[in-house]
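A short reminder: the numbers here are calculations on the coordinates, not readings from a lab. In this text, all values refer to a predicted model and were calculated from it rather than measured experimentally. Neighbour counts are summed over all protein chains in view; Cβ atoms, including those assigned to glycine, are modelled from backbone coordinates with ideal geometry.
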Amino acid sequence: MADKLVPLAEKRLMDVKLGELTSWFGTKDFTPNGILSALRRGRDRYYNKYIHVRKGGIGGVAMLLAGYVAISYIWEYDHIKHDRWRRYH
């Protein structure tokens, strides 16, 4: 059974072939309003998949918390790096 033909603008990044990548980027909206709507769609997709489910668990919230911890560690790494105890010879 053959796959349905999907317009290039509606394909996800994982479905785009390497030769089509530049034209796929050309179909995207990089205005501030377009970027905000893309972030909103991503947030809605995350909430619908992990948070707003019938039998929910701790997985979605734990993933969000782990992401927050990782990002805050990356932001504060320079400050943490200089606070280490060092042996002076």
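Below is a table of values for the structure above.
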read-out	value
Residue count for region 44-74, restricted to those that are loosely packed, with under 11 Cβ neighbours inside 10 Å, β-branched (Val, Ile, Thr) and more than 14 Å from the chain's Cα centre (by Cα)	3
Among residues of region 20-43, those that are surrounded by 10 or more Cβ atoms within 10 Å (Cβ to Cβ) and of a type in the set (S, T, N, Q), counted	3
